[in-house]
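Structure record follows, encoded as structure tokens.
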Amino acid sequence: NPQLLFHKLPPQPKTMSSSTSETQNPQLRKDPIYNRWVIFSPARSKRPTDFKSKSPSNPNPNTTCPFCIGNEHQCAPEIFRVPPDDPNWKIRVIQNLYPALSRNLVDPVDVSSGSVLDGFGFHDVIIETPVHSVQLCDLSKEEIGEVFVAYTRRIQQLVNRHSIKYVQVFKNHGAAAGASMTHSHSQMIAMPVIPPTVSARLGSMKDFYDQTGKCSICEIQRAELLIDSSTYFFSLVPYAASFPFEVWIVPRYHSAHFHELDAEKAVDLGGLLKQMLRKISLQLNDPPFNFMIHTSPLHGDESELAYTHWFIQIVPQLIGTAGFELATGCYINPVFPEDAAKVLREVNVPESE
């Protein structure tokens with residue numbers, strides 16, 4: 001793989017080894033991507049190497065599952081399948097039977113004024129495999145790549161609806177992460193507005209670009225935070241991670257829109273995502289998790305392309321969000337990112353899996 005080039009950033013305070021985490025002082029770090037503070041307080045918890053999920057996902061087979069092959073008639077209407085028109089499908093993209101937004105409403109004409117809109121939008125489900133017992137990390141990198149290509153294909157269809165401003169792709173794995181179905185699937189919601197957290201991210205990235213002339217995501221690479229890398233992507237624990245063992249997968253190349261991902265890069269991304277999910281599962285006792293694709297608005301200003309950069313965020317569900325976080329938007333993370341990255345780097349994933 002090509003050598004990763006790490007930018008020389010200002011020296012940061014040293015964090016603890018896993019053997020001294022209990023005595024390390026707490027620290028506040030500013031998240032440069034979302035412009036918010038994170039509290040690192042290792043004394044509130046155990047050593048990084050001791051973190052395990054208390055409620056592993058452990059999905060169980062269910063022969064009555066509507067997402068299984070042969071039960072297509074139990075689902076909401078299909079949008080497309082891979083391969084097309086094949087009863088032995090590998091991936092299906094369908095409408096969500098219980099959508100958060102309705103595709104049957106009239107497209108909003110102007111969302112710039114007023115504080116109430118009809119709930120127009122699209123809420124789709126991507127069934128990642130026809131087999132109930134197979135999870136995303138069980139698939140080959142080529143098969144995961146096909147899931148990513150299905151995402152991009154659906155987003156490219158939604159680009160034609162000019163009223164759609166933003167598409168959020170996400171996966172909930174395990175009941176504690178919000179999954180109501182155990183069959184491996186992900187979702188996307190297409191909205192006529194740009195969500196506030198996305199606006200905050202774009203604003204922070206623009207400020208960084210205006211001050212430095214550089215993309216803030218391109219500048220986040222640091223050796224002590226790196227977990228792994230592939231030809232086109234690298235994975236790391238972000239410097240101000242909001243959650244313990246949070247992982248980002250980032251394109252090495254500057255790219256604003258996830259849906260411009262091509263098939264070759266999708267397979268490469270599939271391999272690195274598989275590796276990260278396996279490491280997280282082995283180290284943390286197969287925890288419930290969420291992953292989210294953070295991209296750019298569909299019809300943004302051309303100037304946004306210089307400072308916006310998509311990435312994938314993986315969040316293992318190890319601790320709850322409580323009153324302080326809800327009140328302040330400031331998260332408390334009991335594991336320093338450098339320690340989480342070191343632990344995940346050292347997880348040995350068996351080649352035979």
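The values are calculated or read from the model by the stated rules, or taken from the named source; none is laboratory data. In this text, all values refer to a predicted model and were calculated from it rather than measured experimentally. A quick note on method: Cβ atoms are made from the backbone with ideal geometry, for glycine too, and the neighbour counts reach across all protein chains shown. In case anyone asks, the SASA skips ligands and DNA or RNA and just uses the protein heavy atoms, side chains included. Shrake-Rupley method; radii C 1.70, N 1.55, O 1.52, S 1.80 Å.
Here are a few things to note about the model shown:
- The chain - percent of accessible surface contributed by carbon and sulfur, probe 1.4 Å: 53
- Most mobile of Ala340, Ala100, Ala241 in a GNM of the chain (Cα contacts under 10 Å): Ala100
- Given charges at beta-carbon only (K, R positive; D, E negative), |dipole| of the chain in Debye: 880
- Across Lys171/Lys206; Lys214/Lys265; Lys30/Lys206, pairs whose alpha-carbon gap is larger than 18 Å: Lys171/Lys206; Lys214/Lys265
- Our coupling estimate for segment 336-348, obtained by passing each phi through the Karplus curve with A = 6.51, B = -1.76, C = 1.60 and θ = phi - 60°, is 5, x, 4, 6, 4, 4, 5, 4, 5, 4, 8, 5, 8 Hz, Gly and Pro reported as x.
- Antiparallel %, DSSP beta bridges [both residues in the chain], to 5: 90
- For Tyr166, distant residues with modelled amide H under 5 Å away: Met191, Val193, Leu298
- Hz values of 3J(HN,Hα) by residue in segment 203-217 - Karplus curve (6.51, -1.76, 1.60), Gly and Pro given as x: x, 5, 5, 5, 4, 4, 5, 5, 7, 10, x, 10, 7, 5, 6
- Rg to Rh, two decimals, where the chain supplies the alpha carbon set and Rh follows Kirkwood: 0.95
- Mean accessible surface per residue for segment 203-268, computed with a 1.4 Å probe while every protein chain stays in place, in Å²: 34
- Amide proton proximity set for Ile79, modelled H, under 5 Å, gap of 5+: Val93, Ile94, Gln95
- Karplus (6.51, -1.76, 1.60) ³J(HN,Hα), θ = phi - 60°, over segment 238-251, in Hz, Gly and Pro reported as x: x, 4, 10, 4, 6, 10, x, 6, 5, 10, 10, 10, 10, x
- Scattering profile of segment 95-145 at q = 0.14, 0.27, 0.28 Å⁻¹ [log10 I(q)/I(0), Debye over alpha-carbon scatterers]: -0.58, -1.04, -1.07
- Positive-end residue, the chain charge dipole about Cα centroid, Cβ charges, pick of Asn333, Asn35, Thr231: Asn333
- Computed on the chain, with alpha-carbon pairs under 8 angstrom and 6+ residues apart, the relative contact order is 23 percent.
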